[in-house]
Amino acid sequence: MPDNQTIINDNWKGTTDGGSFGINSLFFMLRVFGLRTMYFFMAFAIPFYVFFRKEARKGIMKYYQKIHGLPASRSFFKVFKNNFLFGKMMFDRFSIMAGDRNFKIDFINNEKFWNLCEQKEGFMIGSSHIGSFELAGYMFHQDKKKINSLVFDGETAAMQKRRIEAFAKNGITGIAVKSDMSHIFAIKNAFDNGEIVSMPCDRMLGSNKKIPVLINGVETNLPLGPFITAAQMNVKLLSVFVMREKFRHYKVYVNEISAEQNLSSKEKAKFYADSFAEEIQKILNLYPDQWFNFYNFWN
């Protein structure tokens, strides 16, 4: 259940920095030095990202200003903390991807997931770029239903190979997002087979259609695709957020979003989007520094 699935649009490229050589080097250094030492080294790179990645810096500053009402000066310094947390969670993800199982993960309302797994019908897991959703996929074990996760087809070969190997251990199959929209047929086939489909609900994947929502009173847009898919295919939607508590400790928040059956597909999609936005708002109020959409998300 990945968190670094990505968009196809002009704002965010979605690939992991460093290329195949850089990715393989990171895995090697993790084995040699360990997590805490990699955090220390990474701290020296944070100023580079803050000062030289203007659009990312502006996007995160705008988030702190609009959603948390912080002044520009305080928002600027908050960007450092945000980037440092993102880096820590990136190394956590790589460590788990490499086979590290010394992490503690607490699940909140996980019975909602297991209840749906016992049913014949398939369902959708809505992820986001808040916290580190991908960690759940590497540490989550169940054999009730096959999980299909939408993934960006433009990642480096090294990153794709590592991800596929880690997913396979937990019965997760990737559905590559294609510009010809052929992934839609794979999604429908998975639901028809009573399987689970996981997809990001906060970034555009293939289609640029949007749906307006409010988060902390601020108007923005979420992609229409995931919500209209759940509505038209008549499947239930779970929101899942994987949030970092402290070193080697994460907490997973699960919630079921159910709409009235007498609603039209358009009305149901709007209900899903508004409800998912409410879940985002709750999580951001608990974990304000774990917002990782590094572009101008806000209207």
Considering only residues that are of a type in the set (S, T, N, Q) and either over 17 Å from Gly225 (Cα atoms) or modelled with pLDDT under 95 (or both), which ones fall in the stretch 266-299?
Gln281, Asn285, Gln290, Asn293, Asn296, Asn299
Looking at the stretch 241-254, which of its residues are more than 14 Å from Phe133 (Cα to Cα) and either assigned to a strand (DSSP E or B) or free of Cβ contacts under 8 Å to residues at least 24 places away in the same chain (or both)?
Lys246
Hey, can you tell me all the residues within the stretch 177-205 that are touching a residue at least 60 places away in the same chain (Cβ under 8 Å), part of a helix (DSSP H, G or I) and closer than 26 Å to Leu135 by Cβ?
Ala190, Phe191
Just one listed residue, out of Ile108, Ile125, Ile130, is open to solvent by 10 Å² or more (accessible area, probe 1.4 Å), closer than 22 Å to Ile280 by Cα and not polar (S, T, N, Q), and it is Ile108
Do we have Ile257 as over 16 Å from Met124 (Cα atoms) and either open to solvent by 10 Å² or more (accessible area, probe 1.4 Å) or in contact (Cβ under 8 Å) with a residue 40 or more places away in the chain (or both) here?
no
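The values are calculated or read from the model by the stated rules, or taken from the named source; none is laboratory data. Note that this is a predicted model, so its numbers are computed, not measured. FYI the Cβ positions are ideal-geometry reconstructions off the backbone, even for glycines, and counts take in every protein chain you see. Surface accessibility is based on the protein's heavy atoms, side chains included, excluding ligands, DNA and RNA. Shrake-Rupley method; radii C 1.70, N 1.55, O 1.52, S 1.80 Å.
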